[in-house]
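A.B. asks: Dropping a structure here in structure tokens format, bear with me for questions.
The values are calculated or read from the model by the stated rules, or taken from the named source; none is laboratory data. These numbers come from a predicted model, not from an experiment. For neighbour counting, all protein chains shown are included, and Cβ atoms are generated from backbone atoms with ideal geometry for every residue, glycine included. Side chains are part of the model used for accessible areas, which takes the heavy atoms of the whole protein and leaves out ligands, DNA and RNA. Shrake-Rupley method; radii C 1.70, N 1.55, O 1.52, S 1.80 Å.
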Amino acid sequence: MTFSRADCGPVIPRKMSGSPAKPENNSEAINQRVNALLAEMTLAEKIGQMCQLDASNGYAPDYLADGLRAGRVGSVLNVADVNTVNELQRVAVEESRLGIPLLVGRDVIHGFRTIMPIPLGQAATWNPELVKQGAQVAALEASTTGINWTFAPMIDISRDARWGRIAESLGECVLLTSKLAVAMVEGFQSDDLSAPGSIASCAKHFAGYGAVESGRDYATTNVPETKLRNVHLRPFKAAVDAGVTTLMTSFSDLNGIPATGNEFLLRQVLRDEWDFDGFVVSDWDSIRQLQIHGLTENDKESAFEAAAAGVDMEMAGDAYSKHLAELVEEDRIEVSDVDTAVANILRAKFRLGLFENPFTNPADLPPIANERSLDTAKQAALQSVVMLKNEHNTLPLSAEKLNSVALIGPLSDAPYQQLGTWIFDGDLDLSVTPMHAIHSLVGHDLDVRYVRAMENSRSKATEAFDEAVEIARDSDAAILFLGEESILSGEAHSRADINLPGDQAELVRRIRETGKPVIAVILAGRPLTLTNIVDQVDAILYAWHPGTMGGPAIADLLFGIESPSGKLPATFPRMVGQIPIYYSQKNSGKPPSRDKIVHIDDIDTRAPQTSLGMSAFHLDTHFTPLFAFGHGLSYTEFDYQHIRVSAKEIGLGDTVTVSAELTNRGDVAADEVVQLYVRDLVASITRPVKELKGFLRVRLEPGQTITIDFDLHTNDLAFFGRDNQPTVEPGVFHAWMGGSSETELRTEFRIVDGDQLSG
Ligand code: BGC
């Protein structure tokens, strides 16, 4: 029998009525309940909890129903229909021997029905509070369908724009990613996981996935332990400290041992060092893939490696269900290890209050896509847009002064494409495109013309360009909506060429020829290389994939209702060959500078070697990026002055305050993201030339000056040293404050005395 199709009418589970029961939240009490339940469970039932099955397509086939009744399934994923979810829970709770409810997982990555900007766009807000609100909205909306676990946040440090999954990430920076990771965890989970509208979160992909070679998805990663600890693991530690319920392993091979079978990561770091008490889920079928990696001979050995390494739950594979029992019987896997994994999973179920309230009544929750959701989506989009360039104050446009504008390009009116990757449940009908938003904002004041010009971003057909040129010529300004469709970024969508795809550069060139002001609004899932268009346009707004409310946000920014305030969470290379290029690089022994470079066109074939500059640069491009990390312009001008420290010398364990005055010198109120960078000049391992150590979004009225203070404790300057232990070393530190990583406003202080810091 196949049961529970979404369209069989509402399922009214027996236990779903009245207000939700209040679950026991005390961890001691939860542990007692976990132990009592474990004592009742057979080995098969225990292994069942460790198995997560795919229940996609809105139906639950017989094997799933039978599996639920037999207690062979602990979790399902990819079912997002409340009736189906309730029916699955009903079978699990009412028809299985022990009545253990299900974890219902889903990729709720940047919104559910209401879509926020892609995570990389959210990172460009540098606004943890707003990012948290976005996660709250997503959790609330997802909860209405019975989903109780999201596979987010994705917090892989990403320094390669070729990698499609950079779109899902929070960018290249350890601190920014860590702070926003915590914000997302708090947003999804709230401070009470069992509260209606809270869902468990999952920090992924543990670990090092962002370092895949040449940005090819799923490829190998090689990351020395020190770098792993100083960079890639830090956001995960922050998420664990913030109480993230689960972690997902990475698909990738880390230094020869795929993450899904990596005991160092899953036991030594995660359990022994960090004391993580949640559970670890594999990635999709990544346990069986251990064989494909070449680590194991067959599925049984893969199950062994993953279980031995500490993977508690298998996603969408059958290595555990088929082989774990045998491995236990052969004494290769201890029952106590199975018990630990199951306890980790059951704890999450108790914390979520699923035993008390397994069923979902959408009426108990606020309506989806309500005013708050849409407003949060609009705020997030507004703050995520980065103004990369604004020659001669081309922006904002003035609806009073202009008579007409031409809207041109494949992403002007593409409701789906503006939503970005991972939008399984996004509601396309909610999407407001720039074209519609501009019409409703200024359509009554000026003539708004529109020619799409290209079917999609990859199109190479140029027939419609003439028409686009014509409307541009007849208008006072041309706004080009360029970039990448959603499908060009995200999982398994890496690119080797990250220029604007198709014939977009040619379209820009043609429109440029009209002599009219040209504004490029770029919607994309990654930093694109814009070198071939940057000089052809007067202004650039980089909008990422801005989500449901992208249109109204972009319209408000174009017409000066609000000033752009996003800042880049990732460096923009000039050309792909510069990758990896990121702000926190090391100095090297031969750092480049303007006087130490030479261009390929200027090399004399017989010149002595020294004329080549002998520094770390490419002959055929500049050594700097096109746009630096942290960059982002505004309609006002922010001025930083008087950087200073509260003490020139501090002892280990002390705090120094770095301060500066920030003034809004323009004539509009605007937000600025103040950034604090530090360099540890001399250390037992070489340290980055700059590391972000603090940031703050502030709003200043015209003419207003405020003092910005950042407190830096010496622990904030700790790093993992030669022995892979955290250390803070005395010595001189430079500190910069400003509106981008290129700031030169610097002071310094010294840490004196002491030696090693533990913990
Ligand atoms: C992705 C994960 C995702 C999972 C479930 C995998 O292919 O790597 O990030 O959560 O699928 O959809």
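A.B. asks: When the helices in the chain are scored as -39500 (n - 2.57) per DSSP H run of 4 or longer and the sum is shared across all residues, what 222 nm value do you end up with, to the nearest 500 deg cm²/dmol? All intermediate terms of the calculation are to be shown ahead of the outcome.
C.D. replies: Numbers: 18 runs with 181 residues, N = 759.
Only helices count here, giving -7000 deg cm²/dmol.
A.B. asks: Another question, then. Relative contact order (percent) for the range 278-418, with alpha-carbon contacts under 8 angstrom and 6 or more residues of separation? Write down the numbers at each step before the final one.
C.D. replies: Numbers: 94 pairs, mean separation 26.7, N = 141.
Reported relative contact order: 19 percent.
A.B. asks: Whole number please: convex hull volume per residue, Cα atoms of the chain, in Å³.
C.D. replies: Values: hull volume 136.8 nm³, N = 759.
With only Cα atoms used, the chain gives 180 Å³ per residue.
A.B. asks: How much accessible surface area, in Å² rounded to 10, belongs to the heavy atoms of Trp736 with a 1.4 Å probe?
C.D. replies: In the full protein context, Trp736 sits at about 30 Å².
A.B. asks: Antiparallel versus total DSSP beta bridges in the chain: what percent is that, nearest 5?
C.D. replies: Numbers: 48 of 92 bridges.
Of the beta bridges lying entirely in the chain, close to 50 percent run antiparallel.
A.B. asks: Just want to confirm a number: the relative contact order over the chain, from Cα pairs under 8 angstrom separated by 6+ residues, in percent.
C.D. replies: Working: 1925 pairs, mean separation 98.1, N = 759.
Computed value for the chain: 13 percent relative contact order.
A.B. asks: So, one more: In nm, to one decimal, how far is the modelled label at Val598 from the one at Trp274, with both set 7 Å along Cα→Cβ?
C.D. replies: In this crude spin-label approximation the distance works out to 4.8 nm.
A.B. asks: Now, a different point. Give the ranking of Phe355, Phe572 by solvent-accessible surface, highest area first, calculated with a 1.4 Å probe.
C.D. replies: Numbers: Phe355 50, Phe572 0 Å².
Per-residue accessible area, sorted high to low, gives Phe355, Phe572.
A.B. asks: Then there is this: Taking Cα atoms, how many degrees apart are the long axis of helix 27-40 and the longest axis of the chain, rounded to 10 and kept between 0 and 90?
C.D. replies: With rounding to tens, the tilt is 50 degrees.
A.B. asks: Here is a further query. Based on the alpha-carbon gyration tensor of the range 401-521 and its eigenvalue square roots a ≥ b ≥ c, which shape applies: rounded if a/c is under 1.5, prolate if not and a/b is larger than b/c, or oblate?
C.D. replies: oblate
A.B. asks: What aspartates and glutamates could a cross-link reach from Lys389, if we take a straight Cα to Cα line under 13 Å and drop same-chain neighbours fewer than 8 places away?
C.D. replies: Once the sequence-local aspartates and glutamates are set aside, what remains near Lys389 is Asp535, Asp538.
A.B. asks: Under a Cβ-Cβ cut-off of 11 Å, what is the net charge of the residues other than Lys648 that fall near it, where Lys and Arg count +1 and Asp and Glu count -1? Show your work: numbers first, answer last.
C.D. replies: Values: positive: Arg644, Arg750; negative: Glu649, Glu748.
Taking every Cβ under 11 Å from that of Lys648, the sum is 0.
A.B. asks: What lysines does Lys586 reach when the alpha-carbon gap must be under 27 Å and sequence neighbours fewer than 8 apart in one chain are set aside?
C.D. replies: Straight-line reach from Lys586, under 27 Å: Lys179, Lys204, Lys227, Lys237, Lys567, Lys596, Lys648, Lys690, Lys693.
A.B. asks: Leaving out same-chain residues fewer than 8 places away, which aspartates and glutamates sit with a Cα under 20 Å from that of Lys460?
C.D. replies: Asp413, Glu470, Glu484, Glu485, Asp497, Asp503, Glu506, Glu513
A.B. asks: Distance from the Cα centre of the range 643-697 to that of the range 63-107, in angstrom?
C.D. replies: 51 Å
A.B. asks: Moving on. Please tell me the relative contact order of the range 120-258 in percent, rounded to the nearest whole number, where contacts are Cα pairs under 8 Å and at least six residues apart. Walk me through the numbers before you get to the answer.
C.D. replies: Values: 292 pairs, mean separation 40.7, N = 139.
Answer for the range 120-258 is 29 percent.
A.B. asks: To the nearest 10 degrees, how steeply does helix 128-143 sit against the main Cα axis of the chain, on a 0 to 90 scale?
C.D. replies: Approximately 40 degrees, to the nearest ten.
A.B. asks: Probe of 1.4 angstrom, ligands and nucleic acids ignored: what's the accessible area per residue over the chain, in square angstrom? Don't skip to the end; give the middle numbers.
C.D. replies: Values: 28260 Å² over 759 residues.
So the chain comes to 37 Å² accessible per residue, rounded to a whole number.
A.B. asks: Right, another one. What accessible area, in Å² to the nearest ten, does a 1.4 Å probe give for Val91?
C.D. replies: 0 Å²
A.B. asks: Kindly sort Lys22, Lys590, Lys204, Lys516 by accessible area of their heavy atoms, largest first, with the probe set to 1.4 Å. Don't skip to the end; give the middle numbers.
C.D. replies: Details: Lys22 150, Lys590 110, Lys204 5, Lys516 55 Å².
Highest to lowest solvent-accessible surface, that is Lys22, Lys590, Lys516, Lys204.
A.B. asks: Okay, moving on. Calculate the dipole size of the range 102-209 relative to its Cα centre from +1 charges on Lys and Arg beta carbons and -1 charges on Asp and Glu beta carbons; express the result in debye to the nearest 20.
C.D. replies: Working: 8 positive and 10 negative charges, 49 e Å.
Its charge dipole is roughly 240 debye.
A.B. asks: Right, next: Specify the inter-centroid distance of the range 412-428 and the range 280-348, based on alpha-carbon positions, in whole Å.
C.D. replies: Their Cα centres are 36 Å away from one another.
A.B. asks: Tell me whether the range 313-391 comes out rounded, prolate or oblate; compute the Cα gyration tensor, take square roots of the eigenvalues as a ≥ b ≥ c, and use a/c under 1.5 as the rounded threshold. Walk me through the numbers before you get to the answer.
C.D. replies: Working: a/c = 4.01, a/b = 1.94, b/c = 2.06.
Oblate is the answer for the range 313-391, as a/c is 1.5 or above yet b/c matches or exceeds a/b.
A.B. asks: Suppose every K and R has +1 on its Cβ and every D and E has -1 on its Cβ; what is the size of the dipole of the range 580-736 about the Cα centre, in Debye to the nearest 20? Intermediate results must be reported in sequence, preceding the final value.
C.D. replies: On the way: 15 positive and 21 negative charges, 98 e Å.
Approximately 480 debye in magnitude.
A.B. asks: Turning to a different aspect of this structure: Between His642, Ser440, Pro153, whose Cα lies farthest towards the positive end of the dipole of the chain when Lys and Arg beta carbons carry +1 and Asp and Glu beta carbons carry -1, centred on the Cα centre?
C.D. replies: His642
A.B. asks: Right, next: Ranked from the most accessible area to the least, with a 1.4 Å probe and all protein chains present, what is the order of Lys132, Lys46?
C.D. replies: On the way: Lys132 50, Lys46 20 Å².
Result of the area sort, largest leading: Lys132, Lys46.
A.B. asks: Can you give me the C-alpha center-to-center distance between the range 163-214 and the range 111-159, rounded to a whole angstrom?
C.D. replies: Value for the Cα centre distance between the two parts: 8 Å.
A.B. asks: Specify which residue in the list Ser250, Pro235, Val311 is farthest towards the positive end of the charge dipole of the range 193-322, using unit charges on the beta carbon of Lys, Arg (+1) and Asp, Glu (-1), about the Cα centre.
C.D. replies: Pro235
A.B. asks: Once both axes come from the Cα atoms, what is the angle between helix 335-351 and the longest principal axis of the chain, in degrees from 0 to 90, rounded to 10?
C.D. replies: 70 degrees
A.B. asks: What is the range 235-363 by shape, rounded, prolate or oblate, if you read a ≥ b ≥ c off the alpha carbon gyration tensor as root eigenvalues and call it rounded for a/c under 1.5, prolate for a/b larger than b/c, and oblate otherwise? Mind showing how you got there, number by number?
C.D. replies: Values: a/c = 1.71, a/b = 1.37, b/c = 1.25.
It comes out prolate by the Cα gyration axes.
A.B. asks: Here's something else I'd like to know. Quick one: with all protein chains in place, what share of the accessible area of the range 114-192 is carbon or sulfur, to the nearest percent (1.4 Å probe)? Don't jump to the answer; show the numbers that get you there.
C.D. replies: On the way: 580 of 1200 Å².
Carbon and sulfur: 48 percent of the exposed surface of the range 114-192.
A.B. asks: Right, something else. Tally the DSSP beta bridges in the range 379-484 and give the antiparallel ones as a percent, rounded to 5. Mind dumping the intermediate values first?
C.D. replies: Working: 0 of 9 bridges.
That works out to approximately 0 percent antiparallel.
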